[in-house]
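Any read-out appearing in this document is the output of simple, stated calculations on the displayed coordinates, not a laboratory observation. Bear in mind that the values here come from a model prediction, so they are computed numbers and not experimental data. Glycine also receives a Cβ, built like all others from the backbone with ideal geometry; neighbour counts cover every protein chain displayed.
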Amino acid sequence: MLALRKTAAAPGLDFATLARPEPAAGEVLVAVEAAGICGTDLHIADWTAGYESMTAAMPVTIGHEFAGVIAALGEGVSGWTAGQRVTVRPSTVCGHCAACRGGDPDGCTQRRGIGIGRDGAFASHVRVPSLNCVALPEGLDAELAAMTEPLSVSLHAAELPAIRPGERVLVLGPGPIGLGIAFFAALAGAEVTLAGVRDAPRLALARSLGGIATIDLAEGSLGEQGFDVVIEAAGVAAAVTEGLARLRRGGRFVVAGIHARPAPLDLTRLVRMEQTLFGAYRAPIADWPRVLSLLSRHAETARKMITHRLPLERATEGFDLLRAREGSKVILRP
Ligand SMILES: [Zn+2]
Ligand SMILES: [Zn+2]
């Protein structure tokens with residue numbers, strides 16, 4: 001099978017032809033129907049700082065946002081059958097750390113990411129722990145289901161500040177995560193503004209979802225308005241500074257971006273304004289079925305987030321579309 005892999009601790013990705021994997025005990029083999037390219041995959045391809053720990057797993061097939069069909073079961077797997085349609089939580093747990101033994105897999109300290117620390121889904125088949133599979137609701141297609149992982153991150157970030165209807169919410173960063181956050185904040189009844197910088201295509205896409213106002217900060221400014229909630233999904237220090245300056249007294253600020261550098265914060269202002277700061281990273285396991293049912297219910301809107309569909313062998317074009325910020329979610333079909 002064709003697989004897109006990270007083979008060296010340097011910029012670049014390589015295609016390889018591999019034997020179809022066999023599921024180990026406790027694993028299932030998933031035939032991949034759709035796999036999304038994530039910002040993380042871009043960072044891995046470009047070898048930006050923060051992914052050095054992957055080196056030990058190389059060569060490794062990347063791709064961690066996917067859905068498909070169970071093609072085979074490893075030894076001892078129960079509760080799943082061949083032919084079942086699933087998406088897969090990419091964060092695997094160890095099963096023996098204190099958190100795992102205590103029944104709190106969300107707290108596992110020995111995680112390995114499918115598509116980062118072990119082979120992922122930019123291939124026709126991937127073996128995964130059966131525990132990581134989440135069944136798809138009836139009628140939900142693979143390309144929508146492949147967005148469950150990024151949208152679980154968005155839902156988590158949008159829910160942390162407990163948005164109330166009518167609140168003014170500013171989302172900074174119109175990438176797929178920020179777009180999903182704006183979508184969920186609008187569903188919660190907020191008055192949502194999504195901001196980007198030189199991001200016309202992605203801001204136009206956001207407006208097409210409905211209920212989201214946009215601003216390109218290269219052309220306009222946010223003015224004097226104060227927001228009840230600001231959610232940063234840009235990974236840029238300036239966005240944090242800018243966002244905190246727009247937050248009202250008592251407002252809530254969520255940092256969801258991954259930052260390559262530390263950000264300078266005016267903490268005295270945060271103290272005097274009695275604001276709350278949250279960090280949002282991975283959604284709890286329990287959020288996955290909720291995201292799947294939201295995807296089913298809002299399928300038509302969610303599908304607009306997919307801007308391109310490409311066969312796996314043309315993955316490089318997909319990465320280029322994301323680098324140029326022309327694409328939002330690019331789906332690869334192995
Ligand atoms: Zn991702
Ligand atoms: Zn563990």
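Here the residues TRP80, TRP47, ranked from fewest to most Cβ neighbours within 10 Å of their Cβ, fall in the order TRP80, TRP47.
Counting only DSSP beta bridges with both residues in the chain, tell me the antiparallel percent, nearest 5. Can you show the working numbers first?
Values: 31 of 60 bridges.
Roughly 50 percent of the DSSP beta bridges within the chain come out antiparallel.
Site pair ARG314 and ARG112 shows an inter-label distance of 3.4 nm when each label is modelled 7 Å from Cα along Cα→Cβ. Simple spin-label estimate for ARG282 and VAL69 gives 3.0 nm between the two label positions (7 Å along the Cα-to-Cβ direction from each Cα). The stretch between GLU138 and ARG325, if pulled fully straight at 0.36 nm per residue, gains 64.0 nm over its current Cα-Cα span. For THR214, the residues 5 or more places off, or on other chains, whose built amide H falls under 5 Å of its own are LEU194. Cα centroids of the stretch 309-334 and the stretch 1-57: how far apart, whole angstrom? Taking the Cα centre of each part, the stretch 309-334 and the stretch 1-57 sit 15 Å apart.
Peptides 3-9, 279-285, ordered by how many other C-beta atoms sit within 10 Å of their residues on average, highest first, read 3-9, 279-285. Placing pseudo-labels 7 Å out from each Cα toward the beta carbon at ALA238 and THR81 gives an inter-label distance of 5.7 nm.
Quick check: Cα centre of the stretch 124-164 to Cα centre of the stretch 257-290, how many Å? Centre-to-centre (Cα) distance: 21 Å. For the chain, pairs of C-alpha atoms spaced more than 33 angstrom apart make up 26 percent of the total. Across the chain, C-alpha contacts under 8 Å between residues 6 or more apart give a mean separation that, scaled by the residue count, equals a relative contact order of 17 percent.
Is the shape of the stretch 151-279 best called rounded, prolate or oblate, per the rule: a/c under 1.5 gives rounded, else a/b larger than b/c gives prolate, else oblate, with a ≥ b ≥ c the square roots of the Cα gyration tensor eigenvalues? Since a/c stays below 1.5, the shape of the stretch 151-279 is classed as rounded. The gain in end-to-end length when the ALA98 to ALA56 segment is fully stretched comes to 12.7 nm, 0.36 nm per residue minus the alpha carbon separation.
Could you work out [θ]222 nm for the chain from helices alone, using -39500 (n - 2.57) per DSSP H run of at least four and dividing by all its residues? Round to the nearest 500 deg cm²/dmol.
Values: 11 runs with 90 residues, N = 334.
Taking each H run of at least 4 residues, the total per residue is -7500 deg cm²/dmol.
Take every Cα pair under 8 Å whose residues are at least 6 apart in sequence, average their separation, divide by the length of the stretch 97-240, and the relative contact order is 19 percent.
Tell me whether the stretch 1-125 comes out rounded, prolate or oblate; compute the Cα gyration tensor, take square roots of the eigenvalues as a ≥ b ≥ c, and use a/c under 1.5 as the rounded threshold. Mind showing how you got there, number by number?
Values: a/c = 1.97, a/b = 1.18, b/c = 1.67.
Oblate, because a/c is 1.5 or more while a/b does not exceed b/c.
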